[in-house]
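All remarks here apply to the structure that follows.
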Amino acid sequence: MRNKKLSGEIALRFILFVIFTITDDANPYHRAVQPEELWLYRYPHTPDFYPGKLMWITVFSVPTAVFVGFYIIRRNSEDLIQATLGVTLSIYITGCVTNFVKLAVGRPRPDFLSRCYPEGPPEHISLKDNWQWDCSETANPQLLTNGLKSFPSGHASLSFASLGYVSLYLAGKLQVFNRGRGQGWRFVGSIIPVIWALMIAVSRTSDFHHHWQDVTVGGIIGLVVCYFCYRQVYPSLDKMNSYLCYSLIPRELERSASATELSSPRPKAQETEFNFISRII
């Protein structure tokens, strides 16, 4: 039964990956552009400050390093599996949502005119009768297609989906919001990944590949998805057992109850109270 459930979870992520791959190569909606907004798209086309390949390496390698690190310390394979399932679900859901919105909106990037006119955008831009772009014949079709996928930022959404999840994971493991309150090193350690994600997101405005609205909405998408995916696997951060995934909590409670009973048997009324507290934790 357990193997079937795990196989189903893996199959779901494979389906999401296929959807993401298909939508990533699809052509976006070509929205009408007004002459008075052309200044928004006149920025130069520059190299990525944080290239896409490096972003993908970050998105997958950072959670892997953190999860494997805790596995080496605690030798808990169940926690490793559940954490991996949670973060991959967060990444692939975020990727699909981001691509769907990109295709539906079709917003030009800040450097779109530089893509549209590789030799340099003219002073007076001509638009077609339906307010569509009239690009140079020398423009790269792939760059043009990608140039209409500005909103929201995939770098921002995927970085927060992955590194935001890692921050939540660390906060739970370090018990930042319960037993670890008041210990600054725990809090600082848990927020390093989300600060990393923030810097990746901000870099997309610095290299003129995204507008600030693209980065803001992308970050919100990533954070919202990663939080709900995290809560599918782990309890709230203010719970005393925030360091345990849901599948391990019953086992841990049984172990604690058995140890307590062996050391000091409780009266029946006290035992009932203990069971009630155990259920709500």
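Would you please name the residue that is modelled with the lowest pLDDT, looking only at residues in the range 185-237 that are farther than 13 Å from residue 169 by Cα and of a type in the set (Phe, Trp, Tyr)? It comes out as 185. Taken as a whole, the condition of being closer than 20 Å to residue 13 by Cα and in the same structural domain as residue 202 (by TED's automatic domain parsing) applies to residue 80.
Please tell me if residue 212 is surrounded by fewer than 18 Cβ atoms within 10 Å (Cβ to Cβ), under 21 Å from the mean Cα position of the chain (by Cα) and among the aromatic types (Phe, Trp, Tyr). Yes; evaluated as a whole, the condition is true for this residue.
Does residue 176 count as in contact (Cβ under 8 Å) with a residue 40 or more places away in the chain, in the same structural domain as residue 48 (by TED's automatic domain parsing) and either at negative phi or outside any helix (DSSP H, G or I) (or both)? Yes; evaluated as a whole, the condition is true for this residue. For the range 57-90, taking the residues that are aromatic (Phe, Trp, Tyr) and touching a residue at least 24 places away in the same chain (Cβ under 8 Å), the one that is surrounded by the most Cβ atoms within 10 Å (Cβ to Cβ) is identified as 67.
Among the residues of the range 198-218, at least one is touching a Lys or Arg at 6+ places or on another chain (Cβ under 8 Å), under 28 Å from residue 97 (Cα atoms) and outside any loop (DSSP other than H, G, I, E, B). Checked across the range 130-146, the condition of being assigned to a helix (DSSP H, G or I), β-branched (Val, Ile, Thr) and in the same structural domain as residue 96 (by TED's automatic domain parsing) holds for at least one residue. Taking the listed residues 182, 189, the one that is assigned by TED's automatic domain parsing to the domain that holds residue 95 and on the phi > 0 side of the Ramachandran plot is 182, with no other qualifying. Of the residues examined, residue 50 is not one that is modelled with pLDDT of 95 or more and part of a helix (DSSP H, G or I).
Go through the residues of the range 9-30 one by one and say whether even a single one is in the same structural domain as residue 214 (by TED's automatic domain parsing), in a helix (DSSP H, G or I) and of a type in the set (Gly, Ala, Ser). Yes, the range 9-30 has at least one match. Residues considered: 87, 59. Of these, the only one that is in the same structural domain as residue 141 (by TED's automatic domain parsing), over 17 Å from residue 234 (Cα atoms) and in contact with a helix residue (DSSP H, G or I) (Cβ under 9 Å, 6 or more places away or on another chain) is 59.
The values are calculated or read from the model by the stated rules, or taken from the named source; none is laboratory data. All values reported here derive from a predicted model rather than from experimental measurement. FYI the Cβ positions are ideal-geometry reconstructions off the backbone, even for glycines, and counts take in every protein chain you see.
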